[in-house]
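**Student:** One structure, pasted below without further comment.
The values are calculated or read from the model by the stated rules, or taken from the named source; none is laboratory data. In this text the structure is predicted, and so the values were computed from the model without any measurement. For neighbour counting, all protein chains shown are included, and Cβ atoms are generated from backbone atoms with ideal geometry for every residue, glycine included. The protein model used for the area step is the full one, side chains on, heavy atoms only, and it has no ligands, DNA or RNA in it. Shrake-Rupley method; radii C 1.70, N 1.55, O 1.52, S 1.80 Å.
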Amino acid sequence: MHGTVEARGRSPAEPRPLASSTEQIAVRNLSLRYGDGADAVHALTDIDFAVRDGEFVSIVGPSGCGKSTLLRILAGLMPPTQGQALLAGSAITGPRRDIGVVFQSPVLFPWRTVLANAEVPVHVQGLNRKAMRARALDLLKLVGLEGFEGRYPRELSGGMQQRVSLVRALIHDPALLLMDEPFGALDAMTRETMHIELQRIWMERRKTIVFITHSIAEAVFLADRVLVMTPRPGKIGAVLNIELPRPRALDVVNTEGFGIYVRQIRAALNATGGAL
Amino acid sequence: MSHAITRGTTGLTLRLVLVAVVLGAWEAGVRHFEIAPYILPPPSSIFAGLWRGLQSGIYIKHAGVTLAETFMGFTLGTMLAFILGTAVALSRRVEYFLYPFIVMFQAMPKVALAPLIVVWFGLGLTSKVINAALVAFFPLMVNTIVGLRSADEDRVNLLRSLAASRWQIFWMLQLPNAMPYIFAGLEIAMIFALIGAIVAEFVGAEQGLGVLIQSMNFNLDVAGQFGVLLILSVIGLILNGLITRLRRRVLFWDAPRATNTSLRKEPGT
Ligand SMILES: Nc1ncnc2c1ncn2[C@@H]1O[C@H](COP(=O)(O)OP(=O)(O)OP(=O)(O)O)[C@@H](O)[C@H]1O
Ligand SMILES: [Mg+2]
């Protein structure tokens, strides 16, 4: 049938090309602890997974299970306490230029206009401003912010701000996109538009995407593979291959196959005691 | 208080009427109770004295000296405060070694140093400028440190995730983020510089409004002193207004808070 839920370490169902050249991200026995001694918070324990080049992976898990923490490690913002995270075969030791990050909150600069906020990576990395200006305007139009280029963040709604941060993550055309609940603040309709656009961008440019979400349906709709995390200390509880054909249209959510995936993920979450 | 009253011409008229009533009561009170002019002069003789002083040019001359001291002291003090504050905020090592001095000086009422400074630097301009700078220094230094340090962690992480350098984080995030704090510090520093200059003039000087107040005090010219006080508050208002204007231009993105703080600050200054 459609993909199988496997318990980690038991089933060989998931193809895991160890040390293969197509492996973009590899996470090995990774643990992260905040603080020391009695106050220590074990955010992640023994995380083990890989993301292939060009793959779209979603991570779902209950609140506080360490999803954002994992993303910060992959972005090179903090080192793991144990284990390793590899990017294209080499250990992640710090931030890199070819990664785009969308954080859980928009994180805009209030003194910059929408356009200038979207162009932050251009300024930081000294890219060609002229070429990037056209790209910024295109992307802003794509996310429905045409006409707001000269506005300041405080004049925007939360959802609009989050769309600016999406443009900012895409502007330097990074090979790897790390997204932390990027559409959490959007209304259902804008969210659907964003799903279609993200799928299109991904299919056109074949980026590797790690997409964190609270929404099971969102994870299934977008991803090639869904990793289900357990409550803190976070582990990968189950992995699910989503074999729905691409490009997926919005009404795929009404198909039987889609419903089965959603139920399987929910069951996996319940089994680990981490109902969303 | 309703906004209909505090805004528009009706409000302005009411305010002026209130001022006139207070002045009238003052005048009538002094005359009725025959209070000696060296204790409390009536407004009429204060304004007469002010007019005479302005015409003779004596106020202008002394005010010019005090203003020059204030501006030079403000510039010197705030420039040093900004540089040192930035160094402390960016470098743990600088902070570690400067911290004892900062704590000691911060607790000390800086005006109490004025007599020493006059002894060291003489009765001329230098001692006034240094005293004004000293008094203006701390509010800006503290605000610069706090402002530069208060950059939101998520924003720092965003820039770091793009592989931004430390200097890029400073220029693109920390400095603009510190601007509201810096302007609040500048507003205080401007008035503090004026205080520093006047106190140093009290201690020992040949010119300036502080000297004028003291000589008038000596001659029991209380009306004249009131005149100088009026001039001083006008100067204070103008200096404060200059900073507020600059703030509005630079901090356009911080507009809602800017208007609020400038209103709240008024009574304190
Ligand atoms: N800077 C920190 N210091 C100490 N503990 C932290 C820190 N950041 C996160 N934690 C803890 O680590 C755990 C995981 O946090 P994280 O933000 O990664 O969760 P999350 O899965 O992203 O949750 P959510 O879905 O609510 O965003 C939480 O229990 C949190 O309290
Ligand atoms: Mg999170």
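**Student:** On the given criteria, is residue A:128 on the phi < 0 side of the Ramachandran plot, within 14 Å of chain B (Cβ to nearest Cβ) and of a type in the set (S, T, N, Q)?
**Tutor:** In short, no.
**Student:** Could you go through region A:45-59 and let me know if any residue there is within 16 Å of ligand 1 (Cβ to nearest atom) and open to solvent by 10 Å² or more (accessible area, probe 1.4 Å).
**Tutor:** yes
**Student:** Counting only residues that are more than 16 Å from ligand 2 (Cβ to nearest atom) and open to solvent by 40 Å² or more (accessible area, probe 1.4 Å), which one in region A:95-109 is nearest to residue A:66 (Cα to Cα)?
**Tutor:** A:95
**Student:** Which of (1) facing chain B (nearest Cβ under 9 Å); (2) over 24 Å from residue A:154 (Cα atoms); (3) not charged (D, E, K, R) does residue A:111 not meet, given it meets every other one?
**Tutor:** The failed condition is (2).
**Student:** So how many residues does region B:136-181 have that are within 13 Å of another protein chain (Cβ to nearest Cβ), more than 27 Å from residue A:169 (Cβ to Cβ) and of a type in the set (Val, Ile, Thr)?
**Tutor:** Selection size over region B:136-181: 0.
**Student:** Here is a list: A:94, A:61. Which entry is small (Gly, Ala, Ser) and facing chain B (nearest Cβ under 10 Å)?
**Tutor:** A:94
**Student:** With respect to the numbered conditions (1) in contact with a His (Cβ under 6 Å, 6 or more places away or on another chain); (2) not in a helix (DSSP H, G or I), which one is the sole condition not fulfilled by residue A:260?
**Tutor:** (2)
**Student:** Among the residues of region A:47-100 satisfying the criterion of being among the charged types (D, E, K, R) and closer than 22 Å to residue B:169 by Cβ, which is nearest to the chain's Cα centre (by Cα)?
**Tutor:** A:72
**Student:** Okay, moving on. Could you say which residue among A:68, A:63 is within 14 Å of ligand 2 (Cβ to nearest atom), closer than 21 Å to residue A:170 by Cβ and surrounded by fewer than 17 Cβ atoms within 10 Å (Cβ to Cβ)?
**Tutor:** From the options A:68, A:63, the qualifying one is A:68.
**Student:** Further question: Where in region B:5-123 are there helices (runs of 4 or more DSSP H), lying wholly inside it, with at least 2 residues that are on the phi < 0 side of the Ramachandran plot and of a type in the set (S, T, N, Q)?
**Tutor:** The qualifying helices (runs of 4 or more DSSP H) are B:8-32, B:43-56, B:58-90.
**Student:** Now, a different point. Mind listing whichever residues of region A:150-185 are assigned to a loop (DSSP other than H, G, I, E, B), open to solvent by less than 40 Å² (accessible area, probe 1.4 Å) and away from ligand 2 (no atom under 16 Å from the Cβ)?
**Tutor:** Correct list: A:156, A:171, A:172, A:174.
**Student:** With the requirement that a residue be over 21 Å from residue A:135 (Cβ atoms) and either within 13 Å of ligand 2 (Cβ to nearest atom) or touching a residue at least 40 places away in the same chain (Cβ under 8 Å) (or both), what does region A:186-214 give you?
**Tutor:** A:190, A:192, A:195, A:210, A:211, A:212, A:213, A:214 - these are the residues of region A:186-214 that are over 21 Å from residue A:135 (Cβ atoms) and either within 13 Å of ligand 2 (Cβ to nearest atom) or touching a residue at least 40 places away in the same chain (Cβ under 8 Å) (or both).
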